[in-house]
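The values are calculated or read from the model by the stated rules, or taken from the named source; none is laboratory data. On a predicted model such as this, the values are computed, not experimentally measured, just so you know. Here Cβ is always computed from backbone atoms with ideal geometry, including for glycine, and neighbour counts include all displayed protein chains. Heavy atoms of the whole protein, side chains included, go into the accessibility calculation; ligands, DNA and RNA do not. Shrake-Rupley method; radii C 1.70, N 1.55, O 1.52, S 1.80 Å.
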Amino acid sequence: MSEKIIHLNEGAIKQELKQLVRNSVEETLNELLDKEAEELINAGRYERTQGRQGYRSGHYERNLTTTSGDVKLKVPKLKGVAFETAIIERYRRRESSVEEALIEMYLAGVSVRRVEDITEALWGTKVSAGTVSNLNKKVYGHIDAWRQRPLSGEYPYVYMDGIYLKRNWGGEYENVAILIAMAVNEEGYREVIGASEGMKEDRASWLEFLRSLKQRGLKGTQLFIGDKNIGLLEAVNEVYPDAKYQRCTVHFHRNIFSVTPRSKMREVAAMLKAIHAQESKGAAREKASAVASKLREMKLNEAAKKLEEGINETLTYMEFPYVHWSKLRSNNVIERLNREIRRRTRVVGCFPDGNSALMLVCARLRHVASKAWGTKRYMNMAHLYDMLKEQGDSVAG
C-alpha cells in the first residue's frame, strides 16, 4: 500500500515560527503603547470628550531588539502632553534581557566576534564590538564596588598571587600585573577579597595592595601563602608584622627542578615530596638534611644548595592544624583561579589599558566566586581557633 510521504522543511518551519513570535511581540508592544497614549490624553482615538488632556499627532517608528528579534515600534506623538512610556525607556534600542545576555556572554568568556555572530543567529541582528564595550562599562561600576567592598569578620588564611596580562601602552605592548588576594574566612569559606593593578610584582605594588586590604577591614590573618617574592614578603612583614608567611611548596619544587637534569627529575621529585610528608616540622628538617646530602652524592650541588636555603620557608604550615596542612602548603587554590582568568583573557589578547584588564579579571573572579567555588565550605576553622585558644591558655598559665 503506497502512501504519500510528507517532507517537512524544518528550517522553514523554525523561521516561520520565529517570524510569528516576532510579529506577536511587535503587535502586543504597539497595542500597549497605544493604550498608554489613551490614558495620558484621557481619550481614545478620534474620541471627543470634555476631559481630553491632549491630541494625537501621528507616530514615529523606532527599532527595538528583543529576545524574539528586531521589532518595529510605532511610538505615538502627542500634543499638549508629554508621552513618557513605561514600556520602553527613551532612546533605548535593546530589551534589558538582551543587554544582560550580551554582558553575560562577554564576561563568561565569549569573544566579541563570537558575541556578534551569536546575536545575529539568536535575534536576527548583529551588534558591534563598540556596543558590547559600551554595555560592559555599565557593569564596571558594580564590579568596582564589589572590588572595593568593606571586609567584615576575620580572614585567618590569605593566599596572594599575581598574574601578568598584555596591554597597549603608547602603541607598544607591555605587561601589566594584576595582584589577587583570596582568603579563607572565619567560617571556612573561600572568598576573593581583592584585586589590584600593579605595573609589576614589586614591593611598592604589594605594599599599596596590602594597605588597601587593611583599610577595607582585613584582620585576624594568621598566615599568608604565596611564592618567594621578596617584594610581597617585605610588604607582608610591614603591614601585618604578626602574621606568618608560607612559601608555596609547588613553586619551591619547581625552583629546584630548574637546576635538575631531566633524567633525575622523577627521583628528586619523590625525595622532595617525602620531606613535606613528615609528621612534624623537626622531622621535616631532618629529612631535608638527608635529602640535601643525597643530592650532593648525585652531583646535584646547586639543587642541594637551593633546598637548604629555602626549606624553612616552606614548613610554616606545620605550625597550624594538621587537617589544614594539605591546603596551606601550596598556592594551588589561587593558581586554579589564575587558570580560569587566563582562559577568559586569552580571547582578548591585548587590553587597551590596565583598568580594562583589571575590570575583566574582577568580573571573572566575581563570577567564579558566586558559583559552587565560593558556596562550599573549604575548611573547618574550629581546629584553628581551638589551637589558638590552647596556645593562649598556655601563655597565660
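Taking into account only those residues within segment 45-65 that are under 16 Å from LYS79 (Cβ atoms) and surrounded by 13 or more Cβ atoms within 10 Å (Cβ to Cβ), which is modelled with the highest pLDDT?
HIS59
Name the residues in segment 191-211 that are modelled with pLDDT of 95 or more and open to solvent by 30 Å² or more (accessible area, probe 1.4 Å), would you?
Correct list: ARG211 only.
Name the pairs whose Cβ atoms lie under 8 Å apart, with the first residue in segment 174-196 and hydroxyl-bearing (Ser, Thr, Tyr), the second in a strand (DSSP E or B) and open to solvent by 30 Å² or more (accessible area, probe 1.4 Å), and 6 or more positions between them or separate chains?
Pairs found: TYR189/ARG377.
Determine if segment 164-175 includes at least one residue that is more than 20 Å from the chain's Cα centre (by Cα), outside any strand (DSSP E or B) and closer than 21 Å to ARG329 by Cα.
In the first step, residues of segment 164-175 are kept if they are more than 20 Å from the chain's Cα centre (by Cα); the result is 168-174.
Remaining after also requiring outside any strand (DSSP E or B): 170-171.
Add one more test, that the residue is closer than 21 Å to ARG329 by Cα, and what stays is none.
No, because not a single residue in segment 164-175 is more than 20 Å from the chain's Cα centre (by Cα), outside any strand (DSSP E or B) and closer than 21 Å to ARG329 by Cα.
Considering segment 312-340 alone, what residues qualify as being over 28 Å from ILE178 (Cα atoms), part of a helix (DSSP H, G or I) and open to solvent by less than 70 Å² (accessible area, probe 1.4 Å)? Full working, then the answer.
Filtering segment 312-340 for residues over 28 Å from ILE178 (Cα atoms) gives 312, 318-323.
Checking the rest, the ones that are also part of a helix (DSSP H, G or I) come to 312, 318-319, 322-323.
Listed by number, the residues that qualify are MET318, GLU319.
Run down SER205, SER196 and say which single residue is more than 27 Å from MET379 (Cβ to Cβ) and polar (S, T, N, Q).
Numbers: SER196 fails: more than 27 Å from MET379 (Cβ to Cβ).
SER205 is the lone residue from the list that is more than 27 Å from MET379 (Cβ to Cβ) and polar (S, T, N, Q).
Are any residues in segment 139-172 more than 18 Å from VAL361 (Cβ to Cβ) and either modelled with pLDDT under 90 or open to solvent by 60 Å² or more (accessible area, probe 1.4 Å) (or both), and if so, which ones?
PRO150, SER152, GLU154, GLY170, GLY171, GLU172
Can you tell me how many residues in segment 250-302 are of a type in the set (Ser, Thr, Tyr) and open to solvent by 50 Å² or more (accessible area, probe 1.4 Å)?
Kept after step one, since they are of a type in the set (Ser, Thr, Tyr), are these residues of segment 250-302: 258, 260, 263, 280, 289, 293.
Applying the additional criterion that residues be open to solvent by 50 Å² or more (accessible area, probe 1.4 Å) yields 258, 263, 289, 293.
So the answer is 4.
Scan segment 372-397 for residues that are at pLDDT 75 or above, open to solvent by 50 Å² or more (accessible area, probe 1.4 Å), part of a loop (DSSP other than H, G, I, E, B) and not polar (S, T, N, Q) and report the count.
Total meeting the criteria: 1.
Sort out which residues of segment 225-249 are open to solvent by less than 40 Å² (accessible area, probe 1.4 Å) and either farther than 18 Å from ALA183 by Cβ or not in a helix (DSSP H, G or I) (or both), and write them in order of number.
Residues satisfying the conditions are ILE225, GLY226, ASN229, GLY231, TYR240, ALA243, TYR245, GLN246, ARG247, CYS248, THR249.
Give all pairs with beta carbons closer than 6 Å in which a residue from segment 301-326 that is more than 17 Å from MET387 (Cβ to Cβ) and in contact (Cβ under 8 Å) with a residue 60 or more places away in the chain meets a residue that is among the polar types (S, T, N, Q) and assigned to a helix (DSSP H, G or I); count only pairs at least 6 apart in sequence or on separate chains.
THR314/THR249
Got a number for residues in segment 252-280 being basic (Lys, Arg) and under 23 Å from ASN229 (Cβ atoms)?
The total comes to 1.
Please specify each residue of segment 189-213 satisfying the condition of being closer than 11 Å to TYR155 by Cβ and not in a strand (DSSP E or B).
Scanning segment 189-213 gives a single hit, LEU213.
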